[in-house]
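The values are calculated or read from the model by the stated rules, or taken from the named source; none is laboratory data. Keep in mind the model is a prediction, meaning the values are calculated, not measured. Cβ placement follows ideal geometry from the backbone for every residue including glycine, while neighbour counts extend to all protein chains displayed. Just so you know, the surface numbers come from the protein's heavy atoms only, side chains and all, with ligands and any DNA or RNA stripped out. Shrake-Rupley method; radii C 1.70, N 1.55, O 1.52, S 1.80 Å.
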Amino acid sequence: MKTEAGERKVPFDSFGAIAGALRRTWDRSKFHGPEDLVLANKTGKPLDTHNLLQRHIKPAAIKLGLPRTIDFRSFRTMHASLMRRTGARPEVTRDNMGHAGIDVTLNVYSQSWWDERVDAVNRAVAAVFAEPAAKAPAAPMEVEKPAKGSAEWVPFWVPQAVSDTQS
């Protein structure tokens, strides 16, 4: 634990997804005492995180088509990003993650989503065209996410040459 904020209770979801996953793990364990761990090794001791990643999480991620680089920080980043995206106050996310300050929650773990970025650009362009409304684009066009490192992709804001047949 880095700070006192790291010692916390995190609520389960009302859908039962977290409780169900923990229950299934507990049921597979041979240790069921009140002080026993849910995620324990064969001798009941704390599960080594490296083994958990290599033996369980990474193979599951590969089956799901997720990157091989997935790790515990990936889950923390996804949690913070989903909480922000669904409208949770930053203070709530900070508390769930056990951060002492909100800056780490927002600046390190919370990431933006491509469709949010496209939506922000669409709203900015719509604001420019707000007066008169007749000049506003009819509907935002679908914008494809660029492939990482793709030199062929041209950002949609770069003016394109107009051929004689298009004018």
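For the range 38-49, the condition holds for at least one residue, the condition being that it is assigned to a helix (DSSP H, G or I) and modelled with pLDDT of 85 or more. Considering each residue of the range 111-120 in turn, none proves to be at pLDDT below 60, in contact with a helix residue (DSSP H, G or I) (Cβ under 9 Å, 6 or more places away or on another chain), open to solvent by 60 Å² or more (accessible area, probe 1.4 Å) and not β-branched (Val, Ile, Thr).
Could you check the range 53-99 and list, in sequence order, the residues that are among the hydroxyl-bearing types (Ser, Thr, Tyr) and open to solvent by less than 90 Å² (accessible area, probe 1.4 Å)? Spell out how you get there, then give the answer.
So in the range 53-99, the residues among the hydroxyl-bearing types (Ser, Thr, Tyr) come out as 69, 74, 77, 81, 86, 93.
Within the range 53-99, SER74, THR77, SER81, THR93 qualify.
I need every pair where a residue in the range 7-33 that is in contact (Cβ under 8 Å) with a residue 40 or more places away in the chain has its Cβ under 6 Å from the Cβ of a residue that is of a type in the set (Gly, Ala, Ser), sequence separation at least 6 or different chains. Going by the 6 Å Cβ cut-off, the qualifying pairs are ARG8/GLY98.
Taking every residue in the range 94-114 that is among the small types (Gly, Ala, Ser) and pairing it with any residue that is open to solvent by less than 60 Å² (accessible area, probe 1.4 Å), at least 6 positions away or on another chain, the pairs with Cβ-Cβ distances below 7 Å are GLY98/ALA5; GLY98/GLY6; ALA100/THR3; ALA100/ALA5; SER110/ALA80; SER110/SER81.
Take GLU35 and tell me if it is under 30 Å from ASP119 (Cβ atoms), loosely packed, with under 12 Cβ neighbours inside 10 Å and modelled with pLDDT of 85 or more. The answer is no for GLU35. Pairing residues of the range 54-78 that are in contact (Cβ under 8 Å) with a residue 12 or more places away in the chain with residues that are assigned to a helix (DSSP H, G or I) and surrounded by 12 or more Cβ atoms within 10 Å (Cβ to Cβ), at Cβ distances under 7 Å and at least 6 apart in sequence or on separate chains, gives ILE70/ILE57; ILE70/LYS58; ILE70/ALA61; ASP71/LEU53; PHE72/THR49; ARG76/MET97; ARG76/TYR109; THR77/TYR109. Of the residues making up the range 100-110, those that are surrounded by 15 or more Cβ atoms within 10 Å (Cβ to Cβ) and in a loop (DSSP other than H, G, I, E, B) number 1.
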